[in-house]
Structure formats: structure tokens, C-alpha cells
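Below is one structure, written out as C-alpha cells; the observations come after it.
The values are calculated or read from the model by the stated rules, or taken from the named source; none is laboratory data. The structure presented is a predicted model; accordingly, all values stated were derived computationally and were not measured. Note that we place each Cβ from the backbone using ideal geometry, even for glycine, and neighbour counts take in every protein chain shown. When the accessible area is computed, the model is the full protein with side chains, heavy atoms only, and any ligands, DNA or RNA have been set aside. Shrake-Rupley method; radii C 1.70, N 1.55, O 1.52, S 1.80 Å.
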Amino acid sequence: MIIGIPKEVKKDEYRVAITPAGVRELTSSGHIVHVEQGAGDGSSIRDAEYVSTGAKIIPDADEVWAAADMVLKVKEPVREEYHRLSLRNDQVLFTYLHLAASRECTDALVAAGNVAIAYETVRLPDNSLPLLTPMSEVAGRMAPLVASHHLMRPEGGRGTLVCGVPGVAAAKVVILGAGVAGMAAATLAVGLHANVTILDKNLERLRQVDHHFRGALETIASSTHAIEQQCADADIVIGAVLVVGARAPKLVSDDLVGRMRSGSVLVDISVDQGGCFESTRPTTHSNPTFSVHDSLFYCVANMPGAVPHSSTYALANATLPYTVELANRGWQEAAQLDPPLAEGVNVVHGSITCEPVADAHAMAYTPLHEVL
Ligand SMILES: NC(=O)c1ccc[n+]([C@@H]2O[C@H](COP(=O)([O-])OP(=O)(O)OC[C@H]3O[C@@H](n4cnc5c(N)ncnc54)[C@H](O)[C@@H]3O)[C@@H](O)[C@H]2O)c1
């Protein structure tokens, strides 16, 4: 199979869909890998590194798309890429798609007639989303770092050193949500020697967290009252809640922020689901914060975008086993043998095979088995 990896063209996207190790995995199985020239530049992976593991560098995106049996990307196709979707209707596109949020992209894929498999809907039997997890881990680990940075006075923060110093208390970090991102944030915050409290509605989850951290942090059952109590004297609040398929619940009101310490920093990782603070609005890496009362909000919707090198490797580590399966077996057999991967199949030759996507746009839904 020829596998094509174009350079990402979406604004501010610096990740790339494959690493040199992934190229080696595919070429050693007899596949041909075409990487667009400079595709790895944003992630600090040079063309020569891809060549050294067997890739061919192709100067032009159209050429990469036209030759490929399967195209690997990071982000959903954007308008300037739509004409490439219909170059070959036997082509498989494997990438983040988020089609429920974009009628335009859904229409483009339906019209193109190819096979589109979305990273974000690959789902394991325990309902976890293995190709979303790495990005929650990255964002979660980044949250205490960016918050500590913004807690410094020149950044507009309270002027508190997150780890404290002998004789002076460490910062209090409150984490809302003990899922993938919340646990990653807790790991870093504990590692920074902050005074950490984590809240979740799921008591079983809190038992696991308690067991994992062995007393290095406090776990509190989430309720309006508990959140108010914990946030009141926090230096840093990290929002990392998720209610699958729904907007994030608003857990921190402006009124509560008004009663918080001045110069406290609130990081809303859940911003991509609408955010869990009342005044959250998406921000960018070039202008990441804004003030609410005397506190600073950091609400960057693509936090992993700031660390594309790490994010590329984290994402590609998770996608590679599926990529190899798709390349070795072809998408039909791979989907038949691997039900979690089958859940990733969103569009097949003009039919929408992912029910939530069809529902989101009031379009017809075709169960996958009917097109297999
Ligand atoms: N901003 C970014 O760059 C970025 C990157 C990756 C992920 N995210 C987002 O981070 C969020 C968290 O993702 P995740 O993978 O950690 O999800 P997850 O499902 O692993 O964890 C979410 C947790 O929130 C808890 N929760 C739900 N409602 C709650 C409430 N009212 N009070 C307390 N806890 C509550 C759940 O019990 C669960 O443990 C998602 O919205 C995800 O899209 C953002």
C-alpha cells in the first residue's frame, strides 16, 4: 500500500501524522511511505530523518494525495484541501475529523466518496477513546506548567512560586475532574510540590486516584459547595471535566471568581467542550489569557499545539498500531476484525456510518455492516 503523509495546512497546526519510527514500521512490512517535503518541520522532525527510515519525500501535496491508498493526517481537511479528497474514491483518510462539529467538512467527505476514519471515534470496550487520550495527557501535564508561569507577577499573576520555598507555603492547586487530563495535571502538580486537591463526581475514580497518589494529594467529592470551598483559597484552578457528548458543566461562576484570591490563575482545559468556568472563551497561544475580576483565565483550545514535537510522538504512538492494521489488512478486513477501529469509520463512499455524526446534521445514517 502507498501511504501518504501531507503537511498540515490548518492554521497554527504544527503536528505531523507520522514519526520516523512509524515510517520504519510500515516500510518494513512492505508498504511505501510518501511524506510531503517539510511535513515534519513544525514538529522538529527533518525530512532526512524520514528518509533514513525508508520514506520518500514528495515535494507537492497534490502528488502525495494522488498517489496514496491511505492518507494519514492530524487535523480534519480544511477548505483548501477539499479538492484533494475526491482524487481517488478508493482512498482511506485516517485523521481527527470532529465531523459532528462541521457540516461543511461532512458534506465534503460525503461528496468525495472516499473512506474517512476518525481518530476521535475509535472507542475501546471500556468506552475510553485511545486516540484522544494522548492529547488529554499532554494538555493535562501542560496545565500546571502554564499556570505556574502565569502565577508569576510579570505575567499578571499573584506572584507565588508554585513549589513554595523553605518557610513559605507552596501554591494551592485545585483540579476539577480526575479523568485523563485531571490525572495528568495532578501528576505534574504533585511533582512541582504544590499543595494539590482534586475533585470528581465519580467516587470510584477518586478511590483509584487516592490509591495511586498514596496521600500526596487530597481527593474531594465534587459538589457546588465543595468547589466553592476549595476554590476560595486556591492559587490555581484547573478545569478538566468532561460529560461525554455534552457541553461541559459550568462549575466555577464569575461570582465565585470574584471571591477568589487576587492574581489566582484558572486554566480551563475543557474549553473545547464550552468550558467549565462561567466566563470561559477560547483563547490562542499568541494571546492565551484574559482577566475576570482579579484572576487570570487561560483557555487555549489546542494546548498540545504549543508542544508539537511531544504531541506528534504521543499521537503517533497511539495511532500507529491502527495504521499498521489498516495498511496490512485493508480497511474492510481491519474494521471487521477490530470493533474499536470499526467505530472510527465515519464515512464510506458517501454514506455516513457514524450515528452521532448523522444525528448532528440530521443526515441519513447507514450502519457500517451494510457497507462492509
Ligand atoms: N484544551 C485542550 O487543548 C484540550 C486537549 C485535550 C483534551 N481537552 C479536553 O479536556 C477535557 C477532559 O478530557 P479527559 O480526557 O480528561 O476526559 P475524561 O472523561 O477522562 O475525564 C473527565 C472527568 O470529569 C469528571 N466530571 C464530570 N462532571 C464532573 C463534575 N460536575 N464535577 C467533577 N468532575 C466531573 C468525570 O467523572 C471524569 O472523571 C475534555 O473536554 C477534552 O476535550 C482539551
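Antiparallel DSSP bridges in the range 133-306: what percent, to the nearest 5? Could you put the intermediate results ahead of the total?
On the way: 6 of 28 bridges.
Of all bridge pairs located within the range 133-306, approximately 20 percent are antiparallel.
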Counting DSSP beta bridges with both ends in the chain, the antiparallel % (nearest 5): 20 percent
Note, ³J(HN,Hα) from phi for the range 56-63, Karplus 6.51, -1.76, 1.60, rounded to Hz, x at Gly and Pro: 9, 8, 10, x, 10, 4, 4, 5
Estimated distance in nm for a label pair at residue 101 and residue 163, the labels positioned 7 Å out from Cα along Cα-to-Cβ: 3.5 nm
Ranked by how many other beta carbons lie within 10 Å on average, peptides 364-372, 27-35, 233-241 from highest: 233-241, 27-35, 364-372
Accessible surface of the chain [probe 1.4 Å, protein heavy atoms]: carbon and sulfur percent: 51 percent
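For a Förster distance of 41 Å, can you work out the FRET efficiency between the beta-carbons of residue 232 and residue 287, rounded to the nearest 0.05? Write down the numbers at each step before the final one.
Details: r = 28 Å, r/R0 = 0.69.
The value I calculate is 0.90.
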Residues residue 149 and residue 214, FRET efficiency given R0 of 30 Å [Cβ-Cβ distance, rounded to 0.05]: 0.60
Global form of the chain, assessed from the alpha-carbon gyration tensor, a/c cut-off 1.5: prolate
Per residue accessible area of the range 133-306, 1.4 Å probe, in Å²: 45 Å²
Prolate/oblate/rounded call for the range 133-306, Cα gyration tensor, a/c under 1.5 rounded: rounded
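Using only DSSP helix segments of four residues or longer, with each worth -39500 (n - 2.57), what per-residue ellipticity at 222 nm results for the chain after dividing by its residue count and rounding to 500? Could the numbers behind the result be given before it?
Details: 15 runs with 133 residues, N = 372.
Value at 222 nm, helices only: -10000 deg cm²/dmol.
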Residues in the range 99-115 reached by a label modelled at residue 9 [backbone nitrogen below 15 Å; 7 Å Cα→Cβ]: 105, 108-109
Computed E for residue 371/residue 262 - FRET, C-beta separation, R0 45 angstrom, nearest 0.05: 0.20
Residue 80 paired with residue 52, simple spin-label distance in nm, labels 7 Å along Cα-to-beta-carbon: 3.1 nm
In the chain, lysine pairs closer than 21 Å at Cα, eight or more apart or cross-chain: 10
Order by protection proxy (mean Cβ within 10 Å, highest first), peptides 349-360, 162-173: 349-360, 162-173
Where labels lie 7 Å past Cα in the beta-carbon direction, separation of residue 253 and residue 317 in nm: 4.2 nm
